[in-house]
Amino acid sequence: MKSIVLNQVGVEVVADGTAGSKVLLSGISLTLTEQRVGVIGANGSGKSTLLRLLNGLMEPSTGKVTVKGKDTVRDVRSVRREVGFVFTDPLSQLVMPTGREDVELSLRRSIRNPHERRRTAESTLERFGLLPLADQSIYELSGGERQLLALATVLAVAPSVLVLDEPSTLLDLRNRELLRRTIAGLEQQVVMSTHDLDLVQDMDRVLVVDDGRIVFDGAPSAAVVHYRQLCAASLPPLPTPAVEEVRKPLEAHLGEYR
Amino acid sequence: MSSSNFLLVNYVPGASPIHRAPLWLKFLGVFACGLASFLIVDWAVSAGALALMCALFLVSGAGVRRLFRAVRPVLPVLLVIGLFQWWQLGAPTAGRIVLNILVCIVAASLLTATTPIQRLLDGVVSSARPFQRFGADPERFALTIAIMLRSIPYIAGAYSEVRDSARARGLERNPRARILPVIITTVAFARQTGDALAARGLGEADD
């Protein structure tokens with residue numbers, strides 16, 4: 001059993017200030033078997049909701065989500081051991097003051113022996129080139145180092161699926177490239193939402209989400225074209241530039257002298 | 001959020017006698033300081049206890065600056081408490097109360113400055129193990145301490161950012177502009193932390 005399956009999934013939440021509910025996702029049916037899956041779409045389109053379903057952080061209102069055959073509601077604890085989740089802002093994910101301590105925190109459940117836990121934490125940090133920064137405060141790390149550390153804390157417990165929610169949003173070009181290379185080298189199945197259309201090109205399959213629905217599902221290049229068209233169609237018409245406002249009367253006025 | 005060392009000092013690597021002291025002794029020391037704050041009735045004894053704790057802090061090699069940074073944030077609060085107690089109960093009592101609080105803060109900072117957090121958490125887990133028979137999960141005790149240590153500097157940082165932003169808008173005298181965003185940020189932080197812990201499977205009971 002190697003796939004993530006969403007069967008007729010819908011998510012509704014109680015909307016603040018109104019009597020009704022708000023539909024975040026509806027009618028989503030997917031089987032994700034590819035090693036690299038990208039999710040793109042506008043802000044508020046439902047990308048994060050879709051990803052949160054995979055780790056059981058959000059429960060579907062209708063339908064069912066399974067990861068490797070395990071129901072994300074009924075077997076949520078087991079699912080969370082399979083599915084690692086990386087948030088956009090690493091500071092909301094890192095709990096301990098330093099990287100070493102945070103990786104060790106991830107390992108507390110699986111490794112009881114403190115010495116063995118320390119060794120495993122160090123080898124995890126070394127794998128990501130973070131060992132020299134292991135004892136630095138997480139506040140003193142750069143954005144890229146923090147995001148790599150967040151990734152390391154999740155991968156320390158060896159999940160088989162990695163879900164990343166816009167991991168490159170807060171990163172500069174260099175750190176984005178670093179993250180891209182790191183993700184490319186992972187053996188885990190990766191499901192990642194992003195606004196970085198370069199990063200999407202590395203994916204095997206890309207989903208375009210709009211208004212809580214999957215409106216395109218296919219190869220990266222075609223998905224990006226579809227997304228661009230969607231964005232262009234949703235933009236309001238440009239306001240008439242001020243120069244246009246005066247050009248016509250001015251030309252008419254000048255015409256009298258020609 | 002920039003404040004990473006607020007109220008409790010982060011671990012400072014070292015080989016001082018306090019670093020090498022067994023964890024149970026350090027726990028006992030902090031517990032004794034807490035207990036003493038109820039039992040000491042003479043301000044001179046409180047001053048002596050504070051001098052002793054400060055001396056131990058300096059012996060640990062954590063330094064005067066860290067000691068001052070740990071104490072500085074509570075000084076305005078202690079000033080208010082001290083003035084109120086002076087008015088209500090007189091100077092000796094006010095001095096004793098303020099000094100006793102400082103003793104507790106310095107003792108707790110000494111513990112966190114000389115003990116790696118993972119060792120501290122292992123100690124908490126060991127101490128909480130007897131409660132397992134009543135259904136308590138020792139790992140949750142440890143996680144609670146870890147989150148507390150993480151949350152204090154975060155919320156302090158939030159307060160500092162909100163204060164700066166209120167200043168920038170000329171609202172530094174408006175309590176609503178200074179307090180409400182901190183409450184909202186704190187609630188959002190609690191929710192994010194909850195999500196992050198849930199996503200990492202931390203805080204769940206063993207199978």
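Computed from the coordinates by the stated procedures, all read-outs in this text should not be read as laboratory data. Just so it is clear, the structure is predicted and the values come from calculations on it, not from any experiment. Cβ coordinates were reconstructed from backbone atoms using ideal geometry, including for glycine residues, and neighbour counts include every protein chain displayed.
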What are the ³J(HN,Hα) couplings of the range A:87-94, residue after residue, when phi is run through the Karplus curve with 6.51, -1.76, 1.60 and θ = phi - 60°? Round to Hz, x for glycine and proline.
8, 4, 9, x, 5, 7, 9, 7
Find me the longest stretch of chain A that has none of the exposed GluC sites (Glu not before Pro), where exposed means in a DSSP loop (not H, G, I, E or B) with at most 15 other Cβ atoms within 10 Å.
A:1-186
Per the helix-only calculation at 222 nm, which mean residue ellipticity applies to chain B, given -39500 (n - 2.57) for every DSSP H run of n ≥ 4 and division by its residues, nearest 500 deg cm²/dmol?
-25000 deg cm²/dmol
Gap in Å between the Cα centre of the range A:121-190 and the Cα centre of the range B:5-44?
36
Using a Gaussian network for chain A with springs between C-alpha atoms less than 10 Å apart, which of these wobbles most: A:79, A:243, A:157?
A:243
Apply 1/(1 + (r/R0)^6) to the Cβ-Cβ distance of residue B:171 and residue A:21, taking R0 = 35 Å, and write down the FRET efficiency to the nearest 0.05.
0.45
From the Cα gyration tensor of chain B, with a ≥ b ≥ c the square roots of its eigenvalues, which class applies: rounded if a/c is under 1.5, or else prolate if a/b is larger than b/c, or else oblate?
oblate
Under 5 Å, built H, 5+ apart or other chain: amide partners of residue A:216
A:208
Test of understanding: what is the full-extension gain from residue A:219 to residue A:250, defined as 0.36 nm times their sequence separation minus their Cα-Cα distance?
6.0 nm
Proxy reagent accessibility, fewest Cβ within 10 Å first, across B:20, B:167
B:20, B:167
HN-Hα J in Hz across the range A:245-255 - Karplus 6.51, -1.76, 1.60, θ = phi - 60°, x for Gly and Pro:
4, 9, 4, 5, x, 5, 4, 4, 5, 5, x
Where does chain A land at 222 nm, in deg cm²/dmol rounded to the nearest 500, when only DSSP H runs of n ≥ 4 count, each adding -39500 (n - 2.57), divided by all residues?
-11000 deg cm²/dmol
Quick one: 3J(HN,Hα) in Hz for the range B:16-27, Karplus 6.51/-1.76/1.60 with θ = phi - 60°, rounded, Gly and Pro as x.
5, x, 6, 4, 7, 4, x, 4, 4, 5, 5, 4
GNM of chain B, Cα pairs under 10 angstrom: of B:24, B:43, B:87, the biggest fluctuation goes to B:87
So which residue, out of B:133, B:191, B:65, gets the largest mean-square fluctuation from a GNM of chain B using Cα contacts under 10 Å as springs?
B:133
Which one, A:155, A:98, A:115, is farthest towards the positive end of the dipole of the range A:92-193 when Lys and Arg carry +1 and Asp and Glu -1 on their Cβ?
A:115
